[in-house]
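Asker: Have a look at this one before I ask anything.
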Amino acid sequence: MKRQLSIQIFLSVLLLIFFKPAISQQKSADNWEQWRGPLNKGVAVKGNPPVEFSETKNLKWKTAIPGKGHATPLVWGNKIIVQTAVATDEIAPEAPDGAGEGSRMAPSQTDRIHEFRVLLVDKNDGQIIWNTLVTREWPRENTHELGSWASNSPCTDGERIYAWFGSRGIYCLDFDGNILWQRDFGQMQKHMSFGEGSSPFLYKNKLFILWDHEGDSYLYALNKNTGNIEWEVTRDVNTSWSTPLVVEVNGKPQVITTATDNVTAYDFETGEIIWTSSGLTRNVIPNPIYSDGILYAMSGFRGSAMQAIDIANAHGNITGTKAVLWTYDKNTPYTPQPVLMGGKLYFMRVNNGFLSCIDAKTGEPFYENERLGDISTLYSSPTGVNDRLYIAAENVVMVIKAGETFEIMASNPVDDNFHASPVIVGNDLILRGFNSLYCFSEE
């Protein structure tokens, strides 16, 4: 009997070890739990959304979303998570003198109290399941005229939703819409009143928040269950809009951040600096991205900068050392994030409709600066799946063939504007427009 029990335990452990990668892969394929997807590369694990679609073709459903928010939605199973900021008719008493209902506020300012909300939407039919008000405040900071007061994307572990509204704080909700905990970090002061947009990053038991602005800057590590700060480190940087990234290096996780002229790696457990590198431009927005032992950091404001770092050999100040495998100094993105898929890096030029593709191992270009005919400017980020890229802009979503040769597969008209990035789960393409949430799928 004991021998049989021992064999059963052994077989159970063996099966668990054998099937764990497959279970993890399936979980990633079914969800989009952070703003750049399950692989943090702007790529879906698998899927086959339609190449051609419109308001009348392959439209599964379309749901109006109240307010304004450029936060990319999340998907967990059959649920979609959306953040938004809804302007009310109430004028804030603290608003500047003369900023009343009859005044002409700049597009980047508001005198109205806003309701900051998290919505849960059914992925099958687009019905709003719940709509939770997390706070009601006046956003005293300006945002960019092309931005919103809900541009920070959330993240989830499937049990809790972490909705980050920057200067409004972070709110942890369950999937019934109840607020479990919240934390306020104060008021940000972004460069040139360009607004906020960095997203939190969730890894194991910690939630990382990058608080880079014109005041005292920090990297925070929060306990995801309680919201308590486990550690915080000061940063000698000004405003950035990038999102942290956690990668495993020789079995030990590092927290990677990018900012003006700066890439820094911190110890996951303590926050101690492991290595740094210089060479980026100002106003860094693109996230660091990682695959096959190489970390890629880039920026594109008033210059172009990209570097590939052999992260296992990065210690101390690696600027100019062999740990920097190659650099690339043209056509890099300002706002849109890159896509890393099939050993290739795809990225836009600044905020313009020009696409480049380079070899991720060598930095050698396959093609550079190819024009997307129906897109002149772009503030969302491309998303990849299978053999194609989806790029959403004003009134159009283009589909580009992945590979060494540039090819436009389709240019799809859609009656909305998109600053949130496309989300792909299975055969569904989910788009958060200025006015509506869309789901396209083969009919």
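Asker: Among the residues of the stretch 339-359, is any buried (at least 22 other Cβ atoms within 10 Å of the Cβ), touching a strand residue (DSSP E or B) at 6+ places or on another chain (Cβ under 8 Å) and outside any strand (DSSP E or B)?
Answerer: Checking the stretch 339-359: not a single residue is buried (at least 22 other Cβ atoms within 10 Å of the Cβ), touching a strand residue (DSSP E or B) at 6+ places or on another chain (Cβ under 8 Å) and outside any strand (DSSP E or B).
Asker: Still on this structure, please answer the following. Out of everything in the stretch 241-264 that is among the hydroxyl-bearing types (S, T, Y) and in a strand (DSSP E or B), what residue ends up being surrounded by the fewest Cβ atoms within 10 Å (Cβ to Cβ)?
Answerer: My answer is T264.
A quick yes/no check of all residues on (1) buried (at least 17 other Cβ atoms within 10 Å of the Cβ); (2) assigned by TED's automatic domain parsing to the domain that holds D176; (3) more than 15 Å from the chain's Cα centre (by Cα); (4) not β-branched (V, I, T):
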{"position": "W35", "(1), (2), (3), (4)": "yes, no, no, yes"}
{"position": "L39", "(1), (2), (3), (4)": "yes, no, no, yes"}
{"position": "S54", "(1), (2), (3), (4)": "no, no, yes, yes"}
{"position": "K57", "(1), (2), (3), (4)": "no, no, yes, yes"}
{"position": "K60", "(1), (2), (3), (4)": "yes, no, yes, yes"}
{"position": "P66", "(1), (2), (3), (4)": "no, no, yes, yes"}
{"position": "W76", "(1), (2), (3), (4)": "yes, yes, yes, yes"}
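Asker: So for the stretch 361-370 (the condition being surrounded by fewer than 23 Cβ atoms within 10 Å (Cβ to Cβ), of a type in the set (S, T, N, Q) and within 27 Å of G197 (Cα to Cα)), does at least one residue qualify? Working first, answer last.
Answerer: Let us first name the residues in the stretch 361-370 that are surrounded by fewer than 23 Cβ atoms within 10 Å (Cβ to Cβ), namely 361-370.
Now drop any that are not of a type in the set (S, T, N, Q), which leaves 362, 369.
Pick out the ones that are also within 27 Å of G197 (Cα to Cα) and you get 369.
Checking the stretch 361-370: at least one residue is surrounded by fewer than 23 Cβ atoms within 10 Å (Cβ to Cβ), of a type in the set (S, T, N, Q) and within 27 Å of G197 (Cα to Cα).
Asker: Given the structure, is W130 assigned to a strand (DSSP E or B), touching a Cys at 6+ places or on another chain (Cβ under 8 Å) and surrounded by fewer than 23 Cβ atoms within 10 Å (Cβ to Cβ)?
Answerer: Spelling it out, it is not the case that W130 is assigned to a strand (DSSP E or B), touching a Cys at 6+ places or on another chain (Cβ under 8 Å) and surrounded by fewer than 23 Cβ atoms within 10 Å (Cβ to Cβ).
Asker: Among the residues of the stretch 59-80, is there at least one that is outside any strand (DSSP E or B), touching a residue at least 12 places away in the same chain (Cβ under 8 Å), more than 30 Å from V255 (Cα to Cα) and in contact with a Pro (Cβ under 9 Å, 6 or more places away or on another chain)?
Answerer: Scanning the stretch 59-80 turns up no residue that is outside any strand (DSSP E or B), touching a residue at least 12 places away in the same chain (Cβ under 8 Å), more than 30 Å from V255 (Cα to Cα) and in contact with a Pro (Cβ under 9 Å, 6 or more places away or on another chain).
One line per residue, one yes/no per condition, for (1) of a type outside the set (G, A, S); (2) over 29 Å from Q254 (Cα atoms); (3) outside the structural domain of E394 (by TED's automatic domain parsing); (4) touching a Ser or Thr at 6+ places or on another chain (Cβ under 7 Å):
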residue: A308; (1), (2), (3), (4): no, no, yes, no
residue: N313; (1), (2), (3), (4): yes, no, yes, no
residue: G320; (1), (2), (3), (4): no, no, yes, no
residue: P338; (1), (2), (3), (4): yes, no, yes, no
residue: C357; (1), (2), (3), (4): yes, no, no, no
residue: E368; (1), (2), (3), (4): yes, yes, no, yes
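Asker: Follow-up question, since we're still on this one. Tell me, please, whether a residue that is touching a residue at least 12 places away in the same chain (Cβ under 8 Å) and part of a strand (DSSP E or B) can be found in the stretch 141-154.
Answerer: no
Asker: Follow-up question, since we're still on this one. Within the stretch 138-164, take every residue that is touching a strand residue (DSSP E or B) at 6+ places or on another chain (Cβ under 7 Å) and β-branched (V, I, T) and give me the one that is surrounded by the fewest Cβ atoms within 10 Å (Cβ to Cβ).
Answerer: T156
Asker: Let me ask something additional. Could you tell me which of the residues V255, V246 is touching a residue at least 40 places away in the same chain (Cβ under 8 Å) and under 21 Å from L345 (Cα atoms)?
Answerer: V246 is the lone residue from the list that is touching a residue at least 40 places away in the same chain (Cβ under 8 Å) and under 21 Å from L345 (Cα atoms).
Asker: Separate question: Scan the stretch 283-306 residue by residue and report those that are in a strand (DSSP E or B) and touching a residue at least 60 places away in the same chain (Cβ under 8 Å).
Answerer: I289, Y290, S291, I294, Y296
Asker: I've got another one for you. Taking the stretch 90-137 as the region of interest, how many residues are out of contact with any strand residue (DSSP E or B) (no Cβ under 7 Å at 6 or more places or on another chain) and modelled with pLDDT under 95?
Answerer: Qualifying residue count, the stretch 90-137: 15.
The values are calculated or read from the model by the stated rules, or taken from the named source; none is laboratory data. None of these values were measured; they are calculated from a predicted model. Neighbour counts are summed over all protein chains in view; Cβ atoms, including those assigned to glycine, are modelled from backbone coordinates with ideal geometry.
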